Ligand code: SAH
Ligand code: F3S
């Protein structure tokens, strides 16, 4: 038996891809995943290039792996994901001890590439974009917990001016609707209760159906909600562009869809949104939120923000702050703008000092944390439906699970609650963590 060690950075798509790589490599009982890198014969790095820091981490990590390879030259090092797709051959130039470079759309070819390297010890590279081919090779999904993620589409066509994703994951392409439903039903039969539909832009989903029609995202959610055993549906990530009324209607009539939506706005300044090429205004965004609230009054919205985008003035930043107050977001992710080579924004003049950007980020995150805490406080005394994921403390029989808005809740319960939805009355609140009593 040979051991593989896999390190994954980045988004949920990368996590999903890595789980598929593992299942493909373990398929013939030739390889087994290990958490102990010292034992591993094959080292795989699934990389992220969304921001410069993530990209730089790759070569630092490879430098550490080089030492392992110096001690054992038989070790095979494979680099995949977004950095691999973007850098291609240059990975070998910067790290000549790497054996394999594979792309976001060619990870299913990794087992073959590994056996070829084993035979002739020649470096291999394959960063092509064979459309959806990888899904034909993925094995039937296996339950790992009571919630599962499934990729419904790949790539992105939006070309927001700051973003590398269209270059690293290719053009938007939707998986056939029946394949998605089939895989979810397999997971449901294994006991999965919550499904997270994954894609860079899930609301642009247009999956072909068996009778040559197109299944849109709203219809897909309705079809998933009809699968027996699936009682909670989430999706990541959607875009305010193409967030059409039919999707808002699903919030009205499909209770299994959570009352929580991650809808990244990025900035509260229309000038910056235009420079970002986001193709919507703050007014458009606000209008979507208003419609969502009328369809689902208890909905909570979260967002991503980029601070210090080229040309962002103090006034633009203050517009973002006002917008955050207006929408009253529940949680959010925020980042300092990172210049990515090859993107449109990389050609824009960026005159704001890094220290100023850090101050803005700090200020914005402070506000977000306050709002998150306020939302949590509102949950005090309420009854929440919690999907119980497991034991958090065996001695006290404390269980943990998540609410619809992704807060972790701990409470005292019994073993048979694991994998079930349990009503929990919240009696202690922190920003991201709650405690309660089941009944
Ligand atoms: N399709 C997804 C984008 C995924 S990238 C969406 O629209 O949400 C996740 C987040 O990373 C983005 O929302 C953005 O806030 C951030 N991001 C992407 N490129 C960035 C860059 N160059 N600098 C800083 N943050 C960036
Ligand atoms: Fe990136 Fe914009 Fe697409 S943020 S993933 S180019 S929607």
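Go through 16, 5 for me and flag whichever is modelled with pLDDT of 95 or more and not in a loop (DSSP other than H, G, I, E, B).
On the way: 16 fails: modelled with pLDDT of 95 or more.
One residue alone meets the criteria, 5.
Quick check: is even one residue across the stretch 245-254 farther than 23 Å from residue 296 by Cβ and buried (at least 17 other Cβ atoms within 10 Å of the Cβ)? Show your work before the answer.
Taking the stretch 245-254 as the starting set, the residues that turn out to be farther than 23 Å from residue 296 by Cβ are none.
Checking the stretch 245-254: not a single residue is farther than 23 Å from residue 296 by Cβ and buried (at least 17 other Cβ atoms within 10 Å of the Cβ).
Condition first: touching a helix residue (DSSP H, G or I) at 6+ places or on another chain (Cβ under 7 Å) and farther than 26 Å from residue 325 by Cβ. Can you find one or more residues in the stretch 257-270 that meet it?
Yes, there is a match, as at least one residue in the stretch 257-270 is touching a helix residue (DSSP H, G or I) at 6+ places or on another chain (Cβ under 7 Å) and farther than 26 Å from residue 325 by Cβ.
For the condition in a loop (DSSP other than H, G, I, E, B), within 16 Å of ligand 1 (Cβ to nearest atom), out of contact with any helix residue (DSSP H, G or I) (no Cβ under 7 Å at 6 or more places or on another chain) and assigned by the TED database to the domain that holds residue 344, what is the one hit in 171, 157?
Unique residue meeting the criteria: 171.
Would you confirm whether any residue within the stretch 55-72 is within 16 Å of ligand 1 (Cβ to nearest atom), touching a helix residue (DSSP H, G or I) at 6+ places or on another chain (Cβ under 8 Å), at pLDDT below 95 and more than 19 Å from residue 5 (Cα to Cα)?
yes
Answer yes or no: is there a residue in the stretch 287-304 that is under 22 Å from residue 358 (Cβ atoms), within 16 Å of ligand 2 (Cβ to nearest atom) and within 22 Å of the chain's Cα centre (by Cα). Working first, answer last.
Residues of the stretch 287-304 under 22 Å from residue 358 (Cβ atoms): 303-304.
Restricting the remaining residues to those that are within 16 Å of ligand 2 (Cβ to nearest atom) gives 303-304.
With within 22 Å of the chain's Cα centre (by Cα) added as a condition, the list becomes 303-304.
Yes - at least one qualifying residue is present in the stretch 287-304.
Among the numbered criteria (1) within 20 Å of residue 184 (Cα to Cα); (2) crowded, with 18+ Cβ neighbours inside 10 Å; (3) away from ligand 2 (no atom under 16 Å from the Cβ), which single criterion is violated by residue 226?
That leaves (2) as the condition not met.
For the stretch 177-201, what are the residues that are away from ligand 1 (no atom under 16 Å from the Cβ), at negative phi, surrounded by fewer than 22 Cβ atoms within 10 Å (Cβ to Cβ) and assigned to a loop (DSSP other than H, G, I, E, B)? Step through it out loud before you land on a result.
Of the stretch 177-201, the ones away from ligand 1 (no atom under 16 Å from the Cβ) are 177-195.
With at negative phi added as a condition, the list becomes 177-190, 192-195.
From what's left, surrounded by fewer than 22 Cβ atoms within 10 Å (Cβ to Cβ): 178-179, 181-183, 185-186, 188-190, 193.
190, 193 - these are the residues of the stretch 177-201 that are away from ligand 1 (no atom under 16 Å from the Cβ), at negative phi, surrounded by fewer than 22 Cβ atoms within 10 Å (Cβ to Cβ) and assigned to a loop (DSSP other than H, G, I, E, B).
Just give me the residues in the stretch 306-332 being touching a residue at least 60 places away in the same chain (Cβ under 8 Å) and within 17 Å of residue 358 (Cα to Cα), in sequence order.
Within the stretch 306-332, 306, 309 qualify.
Give the stretch 322-346 a look and list any residue that's more than 16 Å from ligand 2 (Cβ to nearest atom) and either surrounded by 15 or more Cβ atoms within 10 Å (Cβ to Cβ) or at pLDDT below 95 (or both), or say none. Quick ask: steps written out before the conclusion?
Quick first cut of the stretch 322-346, residues more than 16 Å from ligand 2 (Cβ to nearest atom) only: 322-331.
323, 324, 327, 329, 330, 331, listed by residue number.
Go through the residues of the stretch 138-148 one by one and say whether even a single one is more than 16 Å from ligand 2 (Cβ to nearest atom), modelled with pLDDT under 95 and more than 30 Å from residue 417 (Cβ to Cβ). Give the derivation first.
Within the stretch 138-148, the subset more than 16 Å from ligand 2 (Cβ to nearest atom) is 138-148.
Filter once more, so that each one left must be modelled with pLDDT under 95: 138-145.
This time we only want the ones that are more than 30 Å from residue 417 (Cβ to Cβ), so: 138-139.
Yes, the stretch 138-148 contains a residue that is more than 16 Å from ligand 2 (Cβ to nearest atom), modelled with pLDDT under 95 and more than 30 Å from residue 417 (Cβ to Cβ).
The values are calculated or read from the model by the stated rules, or taken from the named source; none is laboratory data. For clarity, every value in this text was computed on a predicted model and none was experimentally measured. Cβ sites come from the backbone with ideal geometry, for glycine too, and all protein chains shown count toward neighbours.
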